[in-house]
Amino acid sequence: MAIKPLGDRLLVVPNTEGETKKGSLYIPDTAKERPQEGKVIAAGAGRRGDNGELVPMEVKEGDTVLYGKYSGTEIKIDNDQDALILRESDVLAIIG
Amino acid sequence: MAIKPLGDRLLVVPNTEGETKKGSLYIPDTAKERPQEGKVIAAGAGRRGDNGELVPMEVKEGDTVLYGKYSGTEIKIDNDQDALILRESDVLAIIG
Amino acid sequence: MAIKPLGDRLLVVPNTEGETKKGSLYIPDTAKERPQEGKVIAAGAGRRGDNGELVPMEVKEGDTVLYGKYSGTEIKIDNDQDALILRESDVLAIIG
Amino acid sequence: MAIKPLGDRLLVVPNTEGETKKGSLYIPDTAKERPQEGKVIAAGAGRRGDNGELVPMEVKEGDTVLYGKYSGTEIKIDNDQDALILRESDVLAIIG
Amino acid sequence: MAIKPLGDRLLVVPNTEGETKKGSLYIPDTAKERPQEGKVIAAGAGRRGDNGELVPMEVKEGDTVLYGKYSGTEIKIDNDQDALILRESDVLAIIG
Amino acid sequence: MAIKPLGDRLLVVPNTEGETKKGSLYIPDTAKERPQEGKVIAAGAGRRGDNGELVPMEVKEGDTVLYGKYSGTEIKIDNDQDALILRESDVLAIIG
Amino acid sequence: MAIKPLGDRLLVVPNTEGETKKGSLYIPDTAKERPQEGKVIAAGAGRRGDNGELVPMEVKEGDTVLYGKYSGTEIKIDNDQDALILRESDVLAIIG
C-alpha cells in the first residue's frame, strides 16, 4: 500500500530506537514532551501559494526530522506500524 | 442525480470494507478516531486564489483518499448511500 | 421587486418538495441538520480579490444548489415566500 | 452638513415605510431580526486593496439596499434624522 | 511641540462645541456612545501595503472627521489640550 | 555592547524627564496609562513584506517617539539603564 | 550530530555566563522574565514568502541574539547540552 501525502505533508515513522539508546537512565515526564525524531518515508509535492504556485519542499524522503511531540495525525501503515502525517511546517529541523 | 462539488470540494464515499477486513479483532475506541479511507466520486474544479486564479486540484475522481474522521459534511446520495463533501485541504494522503 | 445580491452572494429559494418526496417515513432530528437543496433565483457578479479583480462566480441563476442548513440570512420575497441570501462559499455542490 | 463616508462605507437612511406597509398585521419578534431596507444617500470612493489599489464600489448613491439588522454605526444627520454608516460588505443586496 | 503621526494615523482634537450647541436638552447615556466629531491637526504619510507600497491617505490635515467614540489613544498636547491619535480606518466619514 | 534591533524593531530609552517637568502636581493613576515618550537609540533595517521585499522604516535613530505604555519588551543596557525594544507599529507618532 | 533548522528557524545555545557575571547580587523573580542572550550555532535558509520566494535571513550562524524568555522549543544536543530552536521572528536584536 503506497501512501502519497498531499500538499506539504510528510509520512513519518517515529524513531523509537533513540529512546532506548539512553539505557536505563530515569527520564522525567517533562522530558517526554521534548521534540521527537522520525524518518520521512514519503513527502508531498509541496503546498500551493496564495496564487496557486507550487512552493517546493525543503524536507525530502529519507530525511531524519525533529518535530513537536504532539504534531500531526497518527495512522497505521503496513504491518500495523505506527506512523504520522505531518505538515512540513511542523518540522523543526533536519538531523544528519 | 449528479452532484458537482464546488471549488476545492470533493464528494467521497467512505470505504467501509477496510474496517471489516480486520476480521474479528477488537478495535479500541481511540482507534476509531484514526483517519478514514474513502473513494472520490466527484471533484470540484479547484479553489480560486486571492487574485482569482484557479488553483488546480491534486486529488482526482477515482482516487482513494485518507481524511480526518470528523472532516466534511455528511450527505445522502442515490440509494440512500452515505457520502461526504470534503475540502481538498482535509485530505491527508492519496492511497494507491 | 428585483433583488440583486451583492458580491459573491446568491438569492436562493429552499426546495421544500425534496422533503415531502420521502413519503411518510420517520426522519430523525439529526437528519434535519443535513444540507438542504435550493434553487438560485439571482446571483451577484462575484467577489473582488485582494487587489480588486472580479473573481468570477461558479454558481449561476437557475442552478440547484446544496448548502449548509444554517448558512445565510433569511429574507421574505414576493408573495411572502421564504428565501435566503447565501455566499457562494456556503454552497457545497451544484446538483443537476 | 455634507457627510462623505470613508473607504467602502455608505451613509444609509433606514426605510421605515416598509414596516408600515404591512398594515396592522402582528409581526413576531424574530421577524424583527430580518434584514432591513434603506436608501443610500452617500457612498465612499471604495476601499484600498492590499497593495493600495482602489477597489470600485458596487453600491451607488440612490440605491435601495438590504442590510443586516445590527450592521453599521448609528448617527444623527440633518433634522435629527436617524441614519447609519455601513460598510459595503454589510450590504446583502440591492433592491430595484 | 510638533507631533507627526506615524503610518496611517491622525492627530485629532475632539470637537466639544458640537455637544454644547444642543443647548440644555437632556442627552441619554446611550446617545453618548454615538460617534464623535473632531478636527484633524496632523496626518501621517499613509500605511505601507503588504509589499511595502505607500497607500495614500484619504483624510487630510484640516478635515473634520466622524469617528467611533472609543477609537484611538488619548494624549495631551500643547496647553494641556486633550487630543487623540486615531488610525484612518477608525474614521467613519469626513464632514464638510 | 552594541544592540542591533531585528526587522522593524527599535531600541528606545524612555524619556523620564517629561514626567518630572510637571513639577509636584498630582498625577492620577489613569494618566499613567497615557502614551510615553522615548528616544530611539537604534533602529532595525525594516520588516520584510509578504514576498520578501524590505519595507523601509519611517522612524530613525535619534527620533523622539510616542508609544503605548505597555508596548514592547523591557531590557537592561549599559550602566544598567532601562530600555525597550518596540516594533515600529507600536509607535504612535514622532515628536519634534 | 548535525542539526539543520528548517525555514526561518535558528538553533541557539543560551548564554548562561551572562547570568553569573552579575556576581552575587540578588535578582528578583520579575527580572528572570527579561529576554535572554544566546549564541546561534545553526540557521535555516529562510522562510518561503506567500508566493514561494525565499525570504533571506537577517541572523547568521555565530551571532549573539536576544530573544524572549519563553520563545522556542527546548532540545538536547551533543553532550546533553540544552539548546533551543527559535524562529527568527522571536529574535529581538543581535548583540555585538
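Things worth noting here:
- Contact surface A-B: accessible area buried, both sides summed, square angstrom, 1.4 angstrom probe: 1600
- Computed label-point distance, nm, for sites residue G:2 and residue G:41 using a 7 Å Cα→Cβ extension: 1.5
- Where rotation carries A onto D, the chain A residue whose Cβ is nearest that axis, in whole Å: A:50, 5
- Taking Cβ atoms as reference points and 10 Å as the exclusive limit, the residues near residue F:52 contribute a net charge of -1, counting Lys and Arg as +1 and Asp and Glu as -1.
- Spin-label proximity, residue D:16 to the range D:52-96 - amide N less than 17 Å from point 7 Å beyond Cα toward beta carbon: D:74-85
- Occluded residues from the range F:80-96, i.e. those whose accessible area drops by 20 Å² or more once the chain is not alone (1.4 Å probe): F:85, F:89, F:91, F:92, F:93, F:94, F:95, F:96
- For peptides A:73-86, G:39-52, sequence by mean Cβ density within 10 Å, most packed first: G:39-52, A:73-86
- At an R0 of 35 angstrom, the distance between the Cβ atoms of residue F:54 and residue C:54 translates into a FRET efficiency of 0.65.
- Where labels lie 7 Å past Cα in the beta-carbon direction, separation of residue F:89 and residue C:61 in nm: 4.3
The values are calculated or read from the model by the stated rules, or taken from the named source; none is laboratory data. As the structure is a prediction and not an experimental result, all values here were calculated from the model. So basically every Cβ, Gly included, is an ideal-geometry build from the backbone, and we count neighbours across all protein chains shown. For the accessible areas, the whole protein counts, side chains as well, though only heavy atoms, and no ligand, DNA or RNA atoms are used. Shrake-Rupley method; radii C 1.70, N 1.55, O 1.52, S 1.80 Å.
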